[in-house]
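Contents: one structure, followed by commentary.
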């Protein structure tokens, strides 16, 4: 990889999703990637579950009424992480020389995960899962693991990706900071104003984002969606509407918490800002919680980055007799980069190690099915 750029333009896309229609949303995402690139952006960030649409019904409807909607979410909105949707986004990023972060509902066997693609201009792809879905989200989605908490070396410096209330997890934020993140990509659904918990509101989460920028000394490029009257009616019908119209909060912050760009709360919009990575180190000269502003004699944090699989198949297994439970090749490589030489599906079979920020490529060993195993002891 060439030397990272120090100054560049970034974008955050506030796009309302078509509920439960991945193909309609894919068309919008591809058009937005092209528009952001035409606007001079080297990076564009989309909202949580941008490809799939967020299942707002989980916060509003009783279980019996949710079952057909959840079933529909499986069949219409969720996609496989290495499917044709990813290939389309990958090809678009290569064509437009841009990096993109796109949220989607990942279907892996019979389970769903709140996942994100980090797709580069040379065809590199990282897939990561939300560490812990929030409250009602756990009706639909499963957990990620420690290998999803990564900062990656890219042509734009050290780039990290999180979703929604992962930003409120203090130790998760600490782990990201310890990897010397410079540009942080944040994906959110909407910011309602009428839920019983004020902590879910726009004002509370604006504070969470500002705290992330200040505490980590990073540029924060944050994208949310919003709710139009049509989609609000589609979700709730005649029932009491516990979410409000609008609710968008798409913003870009500098490493000391200043707002560089802010979208309107109720419209499709792309916002842009200029990034100078030297500003990260100006901020950290004053506040570096995992560096000079830490106390290792008082606090130390254990951080386990080991990928976890429910089934680990040991021993030689022939292709003809491989059990269905054996993780497919993409599952084994979920947190690495694909080969960058081609956009064809054949290139996905070639292993390419994702550069990590803490000193070159991550050291790995292979056990049984070839799954990567790595354990990191992180200290403050």
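Within the stretch 193-207, the set of residues being in contact (Cβ under 8 Å) with a residue 40 or more places away in the chain and either buried (at least 20 other Cβ atoms within 10 Å of the Cβ) or part of a helix (DSSP H, G or I) (or both) comprises 202, 205, 206.
Here is a check on your reading of the model: is residue 42 surrounded by fewer than 24 Cβ atoms within 10 Å (Cβ to Cβ) and out of contact with any strand residue (DSSP E or B) (no Cβ under 7 Å at 6 or more places or on another chain)? It is false that residue 42 is surrounded by fewer than 24 Cβ atoms within 10 Å (Cβ to Cβ) and out of contact with any strand residue (DSSP E or B) (no Cβ under 7 Å at 6 or more places or on another chain).
Just one of the listed residues (317, 275, 298, 313) is at pLDDT 90 or above and farther than 25 Å from residue 209 by Cα, namely 298. Residue 262 passes every criterion in (1) at pLDDT 90 or above; (2) over 18 Å from residue 184 (Cβ atoms) apart from (2). A residue that is touching a residue at least 12 places away in the same chain (Cβ under 8 Å), within 24 Å of residue 274 (Cβ to Cβ), under 20 Å from the mean Cα position of the chain (by Cα) and not in a helix (DSSP H, G or I) occurs nowhere in the stretch 16-39. Once the stretch 1-15 is narrowed to residues that are in contact with a helix residue (DSSP H, G or I) (Cβ under 9 Å, 6 or more places away or on another chain) and not in a strand (DSSP E or B), the residue that is farthest from residue 186 (Cα to Cα) is 6. Condition (residue is without any contact (Cβ under 8 Å) to a residue 12 or more places away in the chain and over 17 Å from the mean Cα position of the chain (by Cα)) applied to the stretch 222-235: is it met by at least one residue? Yes, that holds for at least one residue.
Could you please find all residues in the stretch 159-178 being surrounded by 21 or more Cβ atoms within 10 Å (Cβ to Cβ) and more than 15 Å from the chain's Cα centre (by Cα)? Passing the criteria: 175, 177, 178. The number of residues in the stretch 267-288 that are surrounded by 17 or more Cβ atoms within 10 Å (Cβ to Cβ) and either in a helix (DSSP H, G or I) or over 22 Å from the mean Cα position of the chain (by Cα) (or both) comes to 5.
The single condition from (1) more than 23 Å from residue 220 (Cβ to Cβ); (2) in a helix (DSSP H, G or I); (3) touching a residue at least 24 places away in the same chain (Cβ under 8 Å) that residue 137 fails is (1).
When residues in the stretch 208-235 are screened for being surrounded by fewer than 24 Cβ atoms within 10 Å (Cβ to Cβ) and not in a helix (DSSP H, G or I), 1 of them pass.
The values are calculated or read from the model by the stated rules, or taken from the named source; none is laboratory data. Quantities reported herein were computed from a predicted structural model and do not represent experimental measurements. FYI the Cβ positions are ideal-geometry reconstructions off the backbone, even for glycines, and counts take in every protein chain you see.
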